[in-house]
Structures are given as C-alpha cells and as structure tokens.
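Chemist: Mind having a look at this structure? Questions to follow.
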Amino acid sequence: MNPVQPDEHGVDGLTVLVAGASSAAGVAVAAALARAGARVLAVGSSRDRLQRVLKVVPQASVYECDLADFAAVTALAATVHSEHGPIDGLVHLVGGWRGGGGLDGQTDEDWAFLHQHVLTTLRNTTRAFNADLLASFTGRLAIVSSVTVDAPTPGGANYASAKAAAETWTRAVGHGFAKAGDTAAAVVFAVRSLEGLEPKLAAEVVALWDSPAADLNNTRHILAP
C-alpha cells in the first residue's frame with residue numbers, strides 16, 4: 001500500500017497504470033517503467049493487442065477495458081484495488097487522429113471519435129483513480145497532447161479542440177492535487193507527432209518520479225526529435 005517515500009527510489013516499487021498500453025508508445029512506456037522497477041498495469045481495449053505488452057514486459061498485469069465506459073472503468077478500478085491495491089501513477093495514452101478537409105471536413109463522426117477517445121477516457125480514468133493518486137506518497141498523472149493546440153488549423157480543428165479539452169481537464173486535476181497537498185502532480189507532454197518519440201516519452205515518464213510534485217504539477221513539456 002504505497003510504502004515508498006518520495007525521492008527514495010524514483011518509480012521503483014510503485015504501481016503505475018498505463019491506459020492505451022497496446023500502442024507503440026504504451027509498449028515503450030510500459031517497458032521503461034518495468035526496467036525502472038515499477039509494477040506495470042497495462043490497460044487496453046483488446047486483449048489480443050495487449051499481447052504486444054506481454055512480449056516486452058512479461059511480468060505486466062494486463063486488463064481489457066472499454067475506457068470510454070465509466071461503469072467499466074469503475075469495475076476495473078475495483079479489480080485493480082483487489083489485486084494490487086491503489087495505484088501511484090496513471091499514464092493516459094489513449095487517443096487517435098481524425099482530421100483533414102478544412103473546416104467543412106470536420107465531421108460529427110470524427111468529433112465523436114476524438115471526444116470519446118481523447119477526452120472521455122481521460123475523464124473516466126482520472127475520476128476512478130483520483131483518490132489513489134492523492135493518497136499516494138508520490139502520485140503522478142501524465143497525458144500526451146499536441147502542439148497543434150497552440151496553433152490549430154481548420155483541417156485539425158476537431159483534433160486540436162479535443163486535445164485542448166484534455167489539457168484543461170488535466171490542469172483541473174492538477175489544481176485538485178495542489179489543493180490537497182504537495183505529493184501528486186499532473187503533467188502534459190505535447191508533441192507534433194509521437195512517431196519516433198516513443199523512447200523519449202518513456203524516459204520522460206519514468207523521470208516524473210525523480211522530481212518533487214510541486215516542481216512538476218500543472219507543467220507542460222514539448223517533446224521534439
């Protein structure tokens with residue numbers, strides 16, 4: 001039950017849940033966390049795709065869950081608590097790209113997809129595990145956003161808007177962390193494209209447990225090649 005004090009061992013011995021773990025970024029982050037001594041809980045929408053994680057991190061615990069369904073996420077949290085206790089970190093890597101066609105091409109179908117994958121999954125997981133992160137000696141929340149939030153284009157308006165909303169939600173979580181004390185931190189990583197940056201992201205995620213929460217909370221870091 002969260003026995004590791006901050007600044008003693010980094011992420012070693014802590015429990016970290018990776019949402020969207022079957023993606024290339026998810027596998028890289030899970031592997032880096034495991035190498036650093038973390039207990040990795042890998043969550044994805046397909047048990048078959050989660051085998052990608054087990055090939056690299058055979059000791060990981062994998063869970064199939066529709067993270068857009070809050071009832072399913074609360075059930076996941078109950079299972080995680082029963083099997084592992086509370087978590088110390090939540091790395092949200094669920095997303096996807098839909099765009100193009102100028103402003104007229106920003107379809108309702110694409111918006112629904114992005115809203116569900118980028119924002120709803122983040123809302124659900126943070127609500128279900130917020131108490132864990134607050135109770136941990138060193139709770140961490142990390143998401144991956146996009147630099148297009150800073151300079152949105154008509155063809156990427158749906159995508160940039162969804163990412164902006166995710167950043168706003170994360171800052172709200174961070175303000176809650178700050179109000180409760182100085183042990184938890186919410187961090188945004190922003191990229192233009194995540195392809196090729198998976199190892200860098202993984203290293204940055206592991207390093208979140210090497211700095212005090214007060215220095216990290218509600219910060220935004222741009223990752224570039």
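The values are calculated or read from the model by the stated rules, or taken from the named source; none is laboratory data. Keep in mind that this is a model prediction, so the values were computed, not measured. Don't worry about glycine lacking a Cβ; one is built from the backbone with ideal geometry, like all the others, and counts go over all protein chains shown. Heads up: the accessible areas ignore ligands, DNA and RNA and are worked out on the full protein's heavy atoms, side chains in. Shrake-Rupley method; radii C 1.70, N 1.55, O 1.52, S 1.80 Å.
Chemist: Amide H neighbours of residue 39 under 5 Å, counting only residues 5+ apart in sequence or on other chains, H built in-plane at 1.01 Å?
Modeler: Result for residue 39 returns 13, 14, 15, 16.
Chemist: Could you please tell me the mean projected area of the C-alpha convex hull for the stretch 41-81, averaged over all directions and given in square nanometres to one decimal?
Modeler: Convex hull of Cα atoms, orientation-averaged projection: 2.7 nm².
Chemist: Quick one: plug the Kirkwood hydrodynamic radius of the stretch 124-164 (C-alpha pairs) into Stokes-Einstein at 20 °C, 1.002 mPa s, and report D in µm²/s.
Modeler: It comes out at roughly 176 µm²/s.
Chemist: Through the Karplus equation 6.51 cos²θ - 1.76 cosθ + 1.60, θ set to phi - 60°, convert the phi angles of the stretch 52-69 into ³J(HN,Hα) values in whole Hz; use x for Gly and Pro.
Modeler: Going residue by residue, I get 4, 5, 5, 5, 9, 10, x, 7, 5, 9, 10, 9, 8, 7, 7, 6, 7, 10 Hz, with x marking Gly and Pro.
Chemist: Just grab the label-to-label distance for residue 153 and residue 66, each label 7 Å out from Cα along the Cβ direction, in nm (one decimal).
Modeler: So the two model labels end up 3.4 nm from each other.
Chemist: Could I ask something else about it? With every atom except the alpha carbons ignored, what do you get for Rg and Dmax of the chain, in angstroms?
Modeler: Spelled out, the Cα radius of gyration and Dmax of the chain are 16.5, 53 Å.
Chemist: May I ask you to list the trypsin sites (Lys or Arg not before Pro) in the stretch 1-101 that are in a DSSP loop and have at most 16 other Cβ atoms within 10 Å of their Cβ?
Modeler: Taking the stretch 1-101 and a limit of 16 other Cβ atoms within 10 Å, the loop trypsin sites (Lys or Arg not before Pro) found are 47, 49.
Chemist: Here is a further query. Using a 7 Å offset from the Cα along the Cα-to-Cβ direction at both residue 168 and residue 220, what is the distance between the two label points in nm, to one decimal?
Modeler: Here the answer is 1.3 nm between the modelled labels.
Chemist: Using θ = phi - 60° and the Karplus relation 6.51 cos²θ - 1.76 cosθ + 1.60, list the HN-Hα couplings for the stretch 121-137 in order, rounded to whole Hz, with x at every Gly or Pro.
Modeler: Going residue by residue, I get 5, 5, 4, 5, 5, 5, 5, 5, 10, 4, 4, 4, 5, 6, 7, 5, 5 Hz, with x marking Gly and Pro.
Chemist: Considering amide H positions built from the backbone, and no H for Pro or chain starts, which residues 5 or more places from residue 146, or on another chain, come under 5 Å of its amide H?
Modeler: Those lying under 5 Å, H to H, from residue 146 are 191.
Chemist: Something else now. Per residue, how large is the accessible surface of the chain? Use a 1.4 angstrom probe and give square angstrom.
Modeler: For the chain, the solvent-accessible area averages 44 Å² per residue.
Chemist: Defining a contact as two alpha carbons under 8 Å apart and six or more residues distant in sequence, what relative contact order in percent does the chain show?
Modeler: 22 percent
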